[in-house]
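The values are calculated or read from the model by the stated rules, or taken from the named source; none is laboratory data. Since this is a predicted model, take the numbers as computed values, not measurements. As a convention, Cβ positions derive from the backbone with ideal geometry for all residues, glycine included, and neighbour counts pool all protein chains shown.
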Amino acid sequence: MPSGEVILEARDLVKHYPIKTGVIRRTTGHVRAVDGVSFDLHRGETLGVVGESGCGKSTLGRMLMRLEEPTGGSLRFGDVDVYSQSGAAMRRLRRDIQIVFQDPYTSLDPRKTVGDIVVEPFQIHPDFLPRNKWRARVRELLDLVGLNPEHINRYPHQFSGGQRQRIGIARGIALNPKVLICDEPVSALDVSVQAQVVNLLESLQDELGLAYVFIAHDLSVVRHISDRVAVMYLGKIVEIGDDQQIYERPTHPYTQALQSAVPVPDPAVRGQREQIVLQGDVPSPANPPKGCRFHTRCWKAQAICATTEPPLAVASDGAGEHAVACHFPEVRAAIAP
């Protein structure tokens with residue numbers, strides 16, 4: 001557990017999207033994309049957020065940037081209530097919380113050069129840096145992320161996917177933020193390029209003192225970069241702890257199932273590990289199950305799981321900040337890491 005100060009504090013974050021039907025577009029229900037998420041992010045740490053598609057990871061990331069307005073809950077950056085800010089105050093706050101988007105092919109304007117893309121944060125925040133230093137700073141940023149500064153006048157289509165993501169990272173760190181939201185930044189890249197981008201993010205963290213919220217569905221990537229890991233299912237965090245707790249002592253059945261699905265190159269280890277195959281489909285977030293949301297697919301579910309929602313509480317082994325939302329946290333996985 002990082003010992004640094006809490007820089008970002010999320011409490012009971014909720015995002016429900018209305019379902020509108022009929023000619024008069026009457027609201028007939030809600031998609032519960034994020035449904036009561038709480039966590040702390042410490043200065044200089046990386047919090048990994050994992051889960052299968054549709055669990056609310058990206059929506060959570062956009063809420064942290066306030067690209068999505070919350071339905072409920074609170075978010076504090078230091079002593080500042082993020083959701084109460086507006087106008088110039090919110091613009092100033094955005095300097096400290098930036099984002100790297102998932103798709104490097106659509107997150108960059110194809111009509112602008114690399115120089116124009118990376119200089120845009122300075123145009124939005126003209127008091128951050130004198131105008132006569134913008135061009136030099138853009139070159140420094142390109143060099144910092146491993147790109148040739150001489151390519152400043154090229155367009156995004158002239159770069160590979162990994163290079164485009166480096167451009168997105170350069171844009172994200174241009175204003176010297178304290179928190180960088182990484183929304184699946186390597187999912188669209190080849191495996192070898194993924195490793196290069198992850199190593200770049202780690203080196204930038206050491207050099208600039210950044211705190212990351214690293215969103216991904218690949219547990220092996222998250223394990224490589226994260227200090228702590230939060231596992232999400234149907235809009236809720238079901239388990240959170242440091243990387244060793246999550247990967248070596250997974251407690252929640254869903255975390256155990258995710259772990260068992262990670263490919264292992266060693267046939268001997270693979271043969272000894274329990275393989276968990278979940279039955280059924282993921283329930284709709286528009287109509288989540290009552291009680292524990294995972295009980296419809298859980299092989300350990302009992303009657304209480306269908307009626308009572310388990311709180312996110314410290315696991316029974318007393319492992320510090322290792323918390324799990326399960327009625328039976330004493331049941332441990334017999335899965336090799």
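The table for this structure:
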| item | result |
| --- | --- |
| Yes/no for residue 280 being of a type outside the set (A, V, I, L, M), loosely packed, with under 13 Cβ neighbours inside 10 Å and under 29 Å from residue 100 (Cα atoms) | no |
| Scope the range 112-144; condition small (Gly, Ala, Ser) and either crowded, with 17+ Cβ neighbours inside 10 Å or touching a Lys or Arg at 6+ places or on another chain (Cβ under 7 Å) (or both); matching residues | 115 |
| Some residue of the range 180-187 being touching a Phe, Trp or Tyr at 6+ places or on another chain (Cβ under 7 Å), over 28 Å from residue 57 (Cα atoms), touching a residue at least 24 places away in the same chain (Cβ under 8 Å) and not in a helix (DSSP H, G or I) | no |
| Answer from 22, 4, 44, 54 - the residue that is modelled with pLDDT under 95 and under 30 Å from residue 278 (Cα atoms) | 54 |
| Near pairs, Cβ below 9 angstrom, 6+ apart or cross-chain, from the range 231-252 (farther than 13 Å from residue 48 by Cβ and aliphatic (A, V, I, L, M)) to any residue that is at pLDDT 90 or above and part of a strand (DSSP E or B) | 234/32; 234/35; 238/230; 238/231; 238/232; 238/324 |
| Answer residue from the range 268-280, given it is charged (D, E, K, R) and in a loop (DSSP other than H, G, I, E, B) and is modelled with the lowest pLDDT among those | 273 |
| Helices (runs of 4 or more DSSP H) enclosed by the range 85-151 - at least 2 residues per element that are of a type outside the set (Val, Ile, Thr), closer than 21 Å to residue 199 by Cβ and in contact (Cβ under 8 Å) with a residue 24 or more places away in the chain | 134-144 |
| Failed condition for residue 328, given (1) assigned to a loop (DSSP other than H, G, I, E, B); (2) of a type in the set (A, V, I, L, M, F, W, C); (3) modelled with pLDDT of 90 or more | (3) |
| The one condition in (1) under 21 Å from residue 93 (Cα atoms); (2) touching a His at 6+ places or on another chain (Cβ under 7 Å); (3) surrounded by 20 or more Cβ atoms within 10 Å (Cβ to Cβ); (4) of a type in the set (A, V, I, L, M) that residue 50 fails to fulfil | (1) |
| Output for the range 37-87, where each listed residue is among the small types (Gly, Ala, Ser) and closer than 17 Å to residue 228 by Cα | 38, 44, 48, 51, 61 |
| Residue 14 being modelled with pLDDT of 95 or more, among the β-branched types (Val, Ile, Thr) and in contact with a Pro (Cβ under 7 Å, 6 or more places away or on another chain) | yes |
| Which listed residue is modelled with pLDDT under 95, in contact with a Cys (Cβ under 9 Å, 6 or more places away or on another chain) and not acidic (Asp, Glu), from 188, 216, 195 | 216 |
| Considering residues of the range 80-103 that are among the acidic types (Asp, Glu) and surrounded by 15 or more Cβ atoms within 10 Å (Cβ to Cβ) only, the residue nearest to the chain's Cα centre (by Cα) | 103 |
| Residue 103 being of a type in the set (Asp, Glu) and touching a helix residue (DSSP H, G or I) at 6+ places or on another chain (Cβ under 7 Å) | no |
| Number of the exception - residue 176 against (1) outside any helix (DSSP H, G or I); (2) touching a Phe, Trp or Tyr at 6+ places or on another chain (Cβ under 8 Å) | (2) |
